1. Find all pairs meeting these conditions: Cβ atoms under 7 angstrom apart; at least six residues apart or on different chains; first residue within the range 209-229 and modelled with pLDDT of 85 or more; second residue part of a loop (DSSP other than H, G, I, E, B) and of a type in the set (Val, Ile, Thr).
2. Among the residues of the range 417-450, write down those that are aromatic (Phe, Trp, Tyr) and surrounded by fewer than 17 Cβ atoms within 10 Å (Cβ to Cβ).
3. Please work out if residue 69 is hydrophobic (A, V, I, L, M, F, W, C), assigned to a helix (DSSP H, G or I), more than 27 Å from residue 346 (Cα to Cα) and under 17 Å from the mean Cα position of the chain (by Cα).
4. Please go through the range 299-334 and give me each residue that is of a type in the set (Gly, Ala, Ser) and buried (at least 23 other Cβ atoms within 10 Å of the Cβ), ordered by number.
5. May I ask you to verify whether residue 377 is hydrophobic (A, V, I, L, M, F, W, C) and without any contact (Cβ under 8 Å) to a residue 60 or more places away in the chain?
6. Scan the range 235-248 and report the pairs whose first residue is modelled with pLDDT of 80 or more and whose second residue is assigned to a helix (DSSP H, G or I) and surrounded by fewer than 21 Cβ atoms within 10 Å (Cβ to Cβ), with Cβ atoms within less than 7 Å and a gap of 6+ or a chain change.
7. So which of 337, 389 ends up being surrounded by fewer than 22 Cβ atoms within 10 Å (Cβ to Cβ), aliphatic (A, V, I, L, M) and at pLDDT 95 or above?
8. So which residues in the range 65-83 are aliphatic (A, V, I, L, M) and buried (at least 24 other Cβ atoms within 10 Å of the Cβ), if there are any at all?
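The values are calculated or read from the model by the stated rules, or taken from the named source; none is laboratory data. Computed from a predicted structure; not experimentally measured. Reconstructed Cβ throughout: ideal geometry from the backbone, glycine too, with neighbour counts over all protein chains shown.
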Amino acid sequence: MEELHDLNSKPLSLKDYLVVSSLLFGLFFGAGNLIFPIHLGQLAGGHWTTAALGFLVTAVVLPLLSVLAVSVTRSEGVYDIGKPLGPTFALVFMVLIHATIGPLFGTPRTASVPFSVGIQPLLPTDWAQWGLLAFSALFFGAAFLLSYRESNIMASVGKVLNPLFLLLLFSVFLLAFVSPMAKAGQQTATSEYQSAGFFNGFLQGYNTMDALAGLAFGVTIVTAVRQLGKTTPKSNASVTAKAGVIATTMIGVIYAVLIWLGATTLGHFKISADGGVAFNQLVTYYLGNVGHALLATLLTVTCLTTAIGLVAAFAQDFHKHFSKVSYHAWLGFMCVASFLTANFGLDTLITWSTPVLMFLYPFTITLILLSIFSPLFKRDSVVYGFVVAFTLVPAFFDMMVSFPPVVSQSALGKTVATFQNYLPFANLGMDWIVPAVIGLVLGLTVHFLRPVMEKSASKVEN
């Protein structure tokens with residue numbers, strides 16, 4: 001068998017790693033990554049450090065693990081992560097992930113957040129709907145053009161838009177550190193965060209959708225690293241993992257500061273309806289009317305970087321599995337669909353995305369962990385099957401009780417809530433953990449006992 005060699009046999013420079021890390025940072029850090037940590041800080045108040053630890057697990061550690069899962073399994077997308085459970089499951093899982101972070105919730109949010117927080121306050125009330133229509137059309141038009149050529153993604157995101165975003169963001173941080181609104185540790189926390197700050201912070205991290213996005217961005221990341229000449233699976237995976245550590249560490253620091261900032265705003269403002277309003281208040285407090293322009297620019301830049309990654313990953317994955325439709329056609333579909341969904345508004349998107357995330361995240365977490373440790377059990381589909389099967393029911397329960405009242409308070413919703421109460425940790429939204437562990441134990445038991453049983457059966461036959 002012919003040995004594979006990289007097109008570039010030389011070790012990558014620090015600059016190369018920083019460029020890939022910048023790409024990863026830009027793909028991960030988008031709309032929700034700004035507004036949800038600030039809102040979490042307001043909810044947690046003086047308990048912001050405990051809530052931050054829980055948030056960092058799902059919003060930083062899990063995305064890093066998703067990148068490592070792609071590296072360990074040498075995958076190129078969501079489909080490969082679910083493949084041990086068969087092509088049908090892998091395809092369904094891929095479609096659900098891309099639909100969630102794509103045209104249904106995640107990608108439309110990249111346009112609706114910068115508009116509702118940065119642009120809408122500057123417009124007359126009567127202009128809001130038309131303003132969103134025009135802004136979202138221009139936004140997704142730009143995303144389409146910047147991702148039209150796959151080779152331009154790294155240049156557009158990693159080298160140009162990202163540094164601009166960081167410059168704008170850290171200017172706000174500097175002002176807040178020099179003159180904080182209040183002492184974060186002295187602010188009153190809501191009742192939920194006084195008793196279960198860590199777990200509520202953990203669940204808030206779902207809203208960033210970054211663990212889902214990490215799997216979906218796999219194909220984009222792998223393609224970008226190949227452009228640096230690291231074309232063999234082993235070296236490509238190594239570069240991806242190292243760059244992932246750099247990028248997610250940087251994101252974690254920013255999250256911690258944003259959560260702290262959210263807690264300090266309680267010294268001057270009440271808890272806002274969402275983090276977008278809180279961020280608007282924060283920037284306006286320090287910069288006045290100029291803050292609105294800065295905020296609009298900052299949000300638009302960071303959300304555009306994420307939108308580029310999302311639409312490109314969607315088009316690449318769907319073209320790979322539905323090849324009769326071209327990459328550019330899938331790209332156009334994604335941008336048009338996201339534009340249409342964005343015009344339902346930010347509040348609607350957040351309300352209906354929460355139950356879907358409560359359903360998908362348990363599967364995503366288990367599949368990421370199984371992928372990372374898969375060499376220990378040779379990626380045996382039996383282990384995967386037991387874990388996913390035992391996770392299905394509690395994940396469905398979590399989804400049903402998280403829907404708006406029209407669903408959660410229906411007869412079916414109330415019945416589900418009754419059964420859910422019998423599961424451990426249901427009150428924390430973590431009722432899937434014990435069933436998943438039971439499935440893992442059973443799956444590993446079958447995996448390790450099967451060779452022994454087959455060997456014994458073979459002796460009996462002989």
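1. Nothing qualifies.
2. The initial filter retains those residues of the range 417-450 that are aromatic (Phe, Trp, Tyr), namely 419, 422, 425, 432, 448.
The answer is 419, 422, 425, 448.
3. On the way: hydrophobic (A, V, I, L, M, F, W, C): yes; assigned to a helix (DSSP H, G or I): yes; more than 27 Å from residue 346 (Cα to Cα): yes; under 17 Å from the mean Cα position of the chain (by Cα): yes.
Taking the combined requirement at face value, the residue satisfies it.
4. Taking the range 299-334 first, the residues of a type in the set (Gly, Ala, Ser) are 307, 309, 312-313, 315, 323, 326, 329, 332.
Scanning the range 299-334 gives 307, 309, 312, 313, 315.
5. Working: hydrophobic (A, V, I, L, M, F, W, C): yes; without any contact (Cβ under 8 Å) to a residue 60 or more places away in the chain: no.
Here the answer is no, as residue 377 does not meet what is asked.
6. 241/68; 242/17; 243/17; 244/68; 246/17
7. Values: 337 fails: at pLDDT 95 or above.
Result of the check over 337, 389: 389.
8. Restricting attention to the range 65-83, the residues satisfying the condition of being aliphatic (A, V, I, L, M) are 65, 67-70, 72, 78, 81.
Of everything in the range 65-83, those that are aliphatic (A, V, I, L, M) and buried (at least 24 other Cβ atoms within 10 Å of the Cβ) turn out to be 67, 69, 70, 78, 81.
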